[in-house]
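Just below is one structure, and these are the notes that go with it.
The values are calculated or read from the model by the stated rules, or taken from the named source; none is laboratory data. Everything numeric here is computed off the predicted structure, so don't read it as measured data. With ideal geometry, Cβ positions are generated from the backbone for all residues, glycine too; neighbour counts draw on all protein chains shown.
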Amino acid sequence: MAESGAVEALLDLLRSHQCEETAARLIEALLNNVRIREAKAAKNAIAPLSMYLLDPQTQSQQGRLLAALALGDLFQNEGLARSTDA
C-alpha cells in the first residue's frame, strides 16, 4: 500500500530531523484517515513517533505538537476498537 510507504518515509525524515514540521504535518494528516490508521504501518508508527518526542535533538515545537496529535489519532482508534469489543 502506497500510504504505508509514505508513513515510513515520513518517519525516516522525522528520525533524521529533516523537514520535521512538514513531515510531522503529513504524518498527522495521513493518520487522521481511518483507513490508514487501521493499517499495520500505522501501528508500527507508535514507537518512532514516541522516540521522536523524547529525542533531545528534536528542535521543532510544531513538529512535536503534530507528532503528539498523530499519536493521539492512533490511540483514539485503539480506544474505539476496544470499546466495540466489549
**OP:** Please list, ordered by first then second residue, the pairs with beta carbon atoms under 6 Å, 6 or more apart or interchain, first in the stretch 11-35 and closer than 12 Å to LEU71 by Cα, second of a type in the set (D, E, K, R).
**Re:** LEU31/ARG37; LEU31/ASP73; ASN32/ASP73
Original post:
Looking at this structure, is SER4 among the hydroxyl-bearing types (Ser, Thr, Tyr), over 9 Å from the mean Cα position of the chain (by Cα) and modelled with pLDDT of 90 or more?
Top reply: no
**OP:** Might you let me know whether the stretch 23-36 holds any residue that is part of a loop (DSSP other than H, G, I, E, B) and either buried (at least 21 other Cβ atoms within 10 Å of the Cβ) or not hydrophobic (A, V, I, L, M, F, W, C) (or both)?
**Re:** yes
Subject >> Which listed residue, of GLN57, GLN61, is free of Cβ contacts under 8 Å to residues at least 24 places away in the same chain and of a type outside the set (A, V, I, L, M, F, W, C) >> reply: GLN61
Subject >> Selection within the stretch 61-78 - over 20 Å from ARG37 (Cβ atoms) and either at pLDDT below 90 or basic (Lys, Arg) (or both) >> reply: ARG64
Original post:
So which residues in the stretch 37-50 are of a type outside the set (Asp, Glu) and over 11 Å from the mean Cα position of the chain (by Cα)?
Top reply: ALA39, LYS40
